[in-house]
Amino acid sequence: MHYLDFEKPIAELEGKIEELRRLTSDGGLNIAEEVGKLQSKVDRQLRTAYSRLSAWQKVQVARHPERPHCLDYVNALVEEFTPLAGDRLFAEDAAMIGGLGRLAGYSCVVLGNEKGADTEDRVKRNFGMARPEGYRKAQRLMELADRFKLPVVAFVDTPGAYPGIDAEARGQAQAIARCLEVSMAIKVPFVAVVIGEGGSGGAIAIAAANRVLMLEHAVYSVISPEGCASILWRSAEHAKDAAEALRLTAQDLLKLGVIDHVVPEPLGGAHRDRARTIQAVGEAVARNLRELIGQDGGQLRTRRREKFLEMGRQGLA
């Protein structure tokens, strides 16, 4: 397992447990009681550490390489998933997942940012940073959902939209703006879940939903802590300070009214029990879809618009 900086004491204890288990298998020794005591200590330390995570530590947890990604949720929760590719203008973008399937028994359009499972896959997926064609694919699929009266479910996990020269040359800002415009226009239920990082416009482009959910240790912000620190302090070394100032944790955003619900993670974070995390997200999405499906399309659109306009009014007030 990949351990984060603040998990070093836990890593040492789990290393001892692994050594004892090897001794048991090699020499036939019965050390179950000792292993049980150490495991109890690990659980206590995990509970203590994860109950008081700083904003910067939550950023680290949200970026954990073993955390379940978009395709993990799609493969586990979406039956008969049929990927739909391309923006019909330029190319297919592997960083943006899109397609049709059945989630909790409902036919729906599924969108999401995919970071990749290993080095080769991460390069292919551009580390979850979509280019304009990815956002144009997303808007095409949202329009498709609206045409056929299908709810939209989005899994958000990106550092942000790709800032490269080629993306800018092909109209990155316009693609994101148009994606937001379509999000505010569709008359179908729309549920978004921030499962890891929700970075800047690249995240909100597919998260301007009727219901926005966040995993307990996910983060969602207008800019990364490193980017904010580089602007304000001219140094990424102040990323910890920036993380605190940005109010990017699920708990802060729930208080501010930016999101609607926090989905609890297993003890020690989503990466320690991927199956339980995916199940919890699936249940939360299903519950919100049940509440939204059947509501008048015009009211869904109006409430979605008012929801996001109210955030701006609160900020001005």
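Key figures
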| read-out | value |
| --- | --- |
| Sole exception among (1) over 19 Å from G171 (Cα atoms); (2) surrounded by fewer than 19 Cβ atoms within 10 Å (Cβ to Cβ); (3) without any contact (Cβ under 8 Å) to a residue 40 or more places away in the chain for A94, by number | (1) |
| Those residues of region 292-309 which are in contact with a strand residue (DSSP E or B) (Cβ under 8 Å, 6 or more places away or on another chain) and either part of a helix (DSSP H, G or I) or not assigned by TED's automatic domain parsing to the domain that holds V191 (or both), in sequence order | L292, L300, R304 |
| Which numbered condition Y135 misses (of (1) hydroxyl-bearing (S, T, Y); (2) outside any helix (DSSP H, G or I); (3) closer than 22 Å to A185 by Cα) | (2) |
| Test: I176 is over 18 Å from R304 (Cβ atoms), of a type in the set (A, V, I, L, M) and not in a loop (DSSP other than H, G, I, E, B) | no |
| Subset of region 115-128 [under 10 Å from D93 (Cβ atoms) and either among the β-branched types (V, I, T) or assigned to a loop (DSSP other than H, G, I, E, B) (or both)] | R125 |
| Matching residues, region 260-272, being assigned to a loop (DSSP other than H, G, I, E, B) and within 18 Å of C70 (Cβ to Cβ) | E265, G269 |
| Residue match in region 44-63 (condition: aliphatic (A, V, I, L, M) and assigned to a loop (DSSP other than H, G, I, E, B)) | yes |
| Residue satisfying condition, being within 29 Å of V78 (Cα to Cα), among the hydrophobic types (A, V, I, L, M, F, W, C) and loosely packed, with under 15 Cβ neighbours inside 10 Å, within set A275, A250 | A275 |
| Members of region 111-151 that are surrounded by fewer than 24 Cβ atoms within 10 Å (Cβ to Cβ) and of a type in the set (S, T, Y) | T119 |
| Count - residues of region 156-193 that are in contact with a strand residue (DSSP E or B) (Cβ under 9 Å, 6 or more places away or on another chain) and within 22 Å of R301 (Cβ to Cβ) | 9 |
| Selection count where residues are surrounded by 14 or more Cβ atoms within 10 Å (Cβ to Cβ), farther than 28 Å from A62 by Cβ and at pLDDT below 80, scope region 1-22 | 1 |
| Residue, surrounded by the fewest Cβ atoms within 10 Å (Cβ to Cβ), within region 190-216, restricted to residues that are assigned to a loop (DSSP other than H, G, I, E, B) and in contact with a Leu (Cβ under 7 Å, 6 or more places away or on another chain) | A208 |
| S230 more than 16 Å from the chain's Cα centre (by Cα), surrounded by 15 or more Cβ atoms within 10 Å (Cβ to Cβ) and not acidic (D, E) | yes |
| Any hit, region 139-150, residues being assigned by TED's automatic domain parsing to the domain that holds S200, under 30 Å from Q60 (Cα atoms) and outside any strand (DSSP E or B) | no |
| Qualifying residue in region 64-72 (condition: farther than 30 Å from L150 by Cβ, crowded, with 17+ Cβ neighbours inside 10 Å and either without any contact (Cβ under 8 Å) to a residue 24 or more places away in the chain or in the same structural domain as D273 (by TED's automatic domain parsing) (or both)) | yes |
| Check on K255, assigned to a helix (DSSP H, G or I), assigned by TED's automatic domain parsing to the domain that holds M142 and among the charged types (D, E, K, R) | yes |
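Results for (1) on the phi < 0 side of the Ramachandran plot; (2) touching a residue at least 40 places away in the same chain (Cβ under 8 Å), shown as yes or no for each residue.
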{"site": "D5", "(1), (2)": "yes, yes"}
{"site": "K8", "(1), (2)": "yes, no"}
{"site": "K16", "(1), (2)": "yes, no"}
{"site": "Q45", "(1), (2)": "yes, no"}
{"site": "T48", "(1), (2)": "yes, no"}
{"site": "R52", "(1), (2)": "yes, no"}
{"site": "A55", "(1), (2)": "yes, yes"}
{"site": "E80", "(1), (2)": "no, no"}
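The values are calculated or read from the model by the stated rules, or taken from the named source; none is laboratory data. Quantities reported herein were computed from a predicted structural model and do not represent experimental measurements. Counting neighbours? That spans all protein chains shown, and the Cβs are built from the backbone with ideal geometry, glycine included.
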